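First up is the structure itself, then whatever we jot down about it.
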Amino acid sequence: MENFSIFNPTKLFFGKDVVLKLGKNVSKKSKNVLIVYGKGSIENNGILDTVKTQLNSEGINFVIYKGIKSNPIIEDVDGAISVGVENMVDGIVAIGGGSVIDSAKIIALGIAEKAKGWDIMKFIVTPKSVIPLYAVLTLAATGTEMNSFAVVQNHKTGEKIGYASPLINPLESYLDPSYTYSVPADYTSYGIADIIAHCLEAFFGQGECDLTDMFTASIIKNVMEVAPKLLNDLTNYDYRAQIMYAATMGLNGTTSFGKISADWGVHALGHDLSLLYDTPHGASLAIAYPAWLKVKKEEVADRIARLGELVFGTNDIDITIQKFEEFFVSIKCPVRLSEINVTESNRQEYISSLIKNKASGYNILINEEEYNLLFETMLK
Ligand code: NZQ
Ligand code: ZN
């Protein structure tokens with residue numbers, strides 16, 4: 001087991017009506033906030049009105065930046081930084097899934113430092129301060145509500161990259177499972193695939209800690225058990241709550257205790273699909289993970305066997321890989337490139353993008369020859 005420390009600066013409120021604490025809590029540090037959200041789902045399901053009522057009840061001023069797209073882009077980050085700087089805001093309320101909250105994390109740094117988002121993400125500017133970020137989560141998937149990561153795309157440079165800093169953990173996150181009732185079945189499934197992918201990235205990471213492996217496998221088992229029930233009953237509070245809790249625990253540090261780092265190789269493969277074809281994040285991983293397991297099965301045979309034992313009660317590597325793929329199919333996630341309209345004709349652009357962005361894992365390296373093999377396996 002590796003040496004490790006545990007520190008998570010996010011205060012997380014979980015459960016029915018937790019957002020009713022938002023106004024009072026925000027008022028302790030912020031009097032003039034920027035509300036950031038996506039394309040409008042929160043206007044339809046009433047969440048925006050609830051948040052506005054909370055802010056109004058404490059006399060907190062707000063301005064709005066609407067329009068963050070799924071697979072967020074740096075132009076929106078910069079647009080929101082300008083609005084925040086012009087209005088001298090002293091806090092951000094981000095309402096949405098990973099795309100909105102990730103954008104808000106960089107926006108919070110950009111406003112504090114009066115800097116461009118991409119300069120921060122590429123380490124040209126090193127932020128020393130941040131304004132408070134309050135996250136109201138509406139989609140269970142990424143774990144961004146309790147972690148220090150943000151992922152944003154830049155189509156000018158052809159990159160989808162992550163940025164990590166303890167400064168960008170939300171100060172407070174509000175998770176009401178009923179806020180995810182309106183997430184449609186497809187995005188619910190993509191979120192579930194993403195949770196499992198985070199667990200697998202941790203499991204195939206560097207360093208060994210058996211207890212942590214067991215935590216990680218428990219998250220996967222719980223998610224696999226609840227997923228079909230939830231997909232048959234999208235407004236079931238308990239199923240939504242179990243998936244929401246699993247998503248947070250899947251990427252808030254817990255699955256890496258006693259290890260050096262997670263792998264992130266399959267996320268690198270998926271990010272280039274999202275960048276080029278706007279594939280939803282979880283869908284890109286449901287395609288890339290089975291292919292990666294097949295291509296890497298000899299190199300990581302022992303780890304797959306241990307994973308199989310913990311999750312499915314078998315140490316048969318092929319059965320374990322097949323069970324993951326079958327699960328993704330069962331929740332209607334794509335598992336082949338043809339399902340996202342990517343064909344042989346896209347091979348060169350995808351592989352060039354992987355080469356340019358040096359797509360690889362931190363623990364299990366991927367070489368250029370394997371890019372072709374992975375592409376073929378994702379096609380078949
Ligand atoms: O635009 P809105 O109206 O918000 O609609 C969104 C969007 O269309 C919709 N949605 C969200 N909550 C809803 C809802 N629709 C109805 N009812 C609700 N309650 O769902 C769609 C997808 O939203 P998005 O935020 O893009 O999804 P997700 O949470 O999966 O986030 C994906 C992004 O997070 C990054 C991904 O790369 C991707 O860019 N990730 C962030 C990570 C992190 N910060 O730790 C780690 C992950 O591995 C991942 O890379
Ligand atoms: Zn992910």
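Values in this text are rule-based calculations from the coordinates and carry no lab data. Since the structure is predicted, the reported quantities are computational estimates derived from the model, not experimental observations. Cβ atoms come from the backbone with ideal geometry, glycine included; neighbour counts cover every protein chain shown.
So here's what we get for this one:
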{"read-out": "Antiparallel %, DSSP beta bridges [both residues in segment 11-180], to 5", "value": "20"}
{"read-out": "Sequence-distant residues sharing a close amide H with Asp176 (under 5 Å, placed H)", "value": "Gly15, Leu137"}
{"read-out": "Gap separating the Cα centres of segment 40-61 and segment 191-238, nearest whole Å", "value": "32"}
{"read-out": "Choice from Ile319, Ile47, Ile68 showing the highest fluctuation, given a GNM over the chain with Cα pairs closer than 10 Å", "value": "Ile319"}
{"read-out": "Label-to-label distance, nm, for residues given as Asn56 and Phe14 (7 Å Cα→Cβ offset)", "value": "3.2"}
{"read-out": "Separation between Cα centres of segment 288-319 and segment 83-110, rounded to whole Å", "value": "40"}
{"read-out": "Dipole moment magnitude, nearest 20 debye, the chain about Cα centre, only Lys, Arg, Asp, Glu C-beta charged", "value": "1080"}
{"read-out": "Fluctuation leader among Ile74, Ile331, Ile355 - the chain, Gaussian network, Cα springs under 10 angstrom", "value": "Ile355"}
{"read-out": "Partners for Lys69 among lysines (Cα-Cα distance below 16 Å; same-chain residues under 8 apart left out)", "value": "Lys39, Lys105, Lys160"}
{"read-out": "Reach of Lys332 by Cα under 17 Å, taken over aspartates and glutamates that are not fewer than 8 positions away in the same chain", "value": "Asp186, Asp194, Glu225, Asp233"}
{"read-out": "Pairwise FRET efficiency - Ser261 versus Glu369, Cβ, R0 = 30 Å, nearest 0.05", "value": "0.80"}
{"read-out": "Dipole-positive endmost among Ile95, Pro72, Tyr181 within the chain (Cβ charges, Cα centre)", "value": "Ile95"}
{"read-out": "Dipole of the chain [Lys/Arg +1, Asp/Glu -1 at C-beta], most positive-end residue of Leu273, Tyr239, Gly205", "value": "Tyr239"}
{"read-out": "Extension gain, Glu86 back to Lys356 (0.36 nm per residue minus Cα-Cα distance, nm)", "value": "93.5 nm"}
{"read-out": "Candidates Phe149, Phe328, Phe123, ranked by Gaussian network fluctuation over the chain, Cα under 10 Å, top entry", "value": "Phe123"}
{"read-out": "Helix 281-295 axis, angle to the chain major axis (alpha carbon atoms, nearest 10°)", "value": "20"}
{"read-out": "Förster radius 41 Å - calculated FRET efficiency between Glu344 and Lys39, Cβ distance, rounded to 0.05", "value": "0.80"}
{"read-out": "Simple spin-label estimate for Lys297 and Lys21 in nanometres, 7 Å along Cα-Cβ", "value": "4.7"}
{"read-out": "Label-point separation in nm, Val329 to Asp238, each point 7 Å along Cα→Cβ", "value": "3.1"}
{"read-out": "Proximal charge balance of Leu234 [Cβ under 14 Å; K/R count +1, D/E count -1]", "value": "0"}
{"read-out": "Nearest-20 debye value, segment 11-180 charge dipole, Cβ charges on Lys, Arg, Asp, Glu", "value": "220"}
{"read-out": "Selected from Thr377, Ile355, Pro166, residue furthest toward positive end of dipole (the chain; charges at beta carbon)", "value": "Pro166"}
{"read-out": "Column: log10 I(q)/I(0), Debye, Cα scatterers of segment 185-379, q = 0.14, 0.15, 0.19 Å⁻¹", "value": "-0.76, -0.87, -1.39"}
{"read-out": "Student exercise, segment 58-140 dipole from Lys, Arg, Asp, Glu Cβ charges, in Debye to nearest 20", "value": "180"}
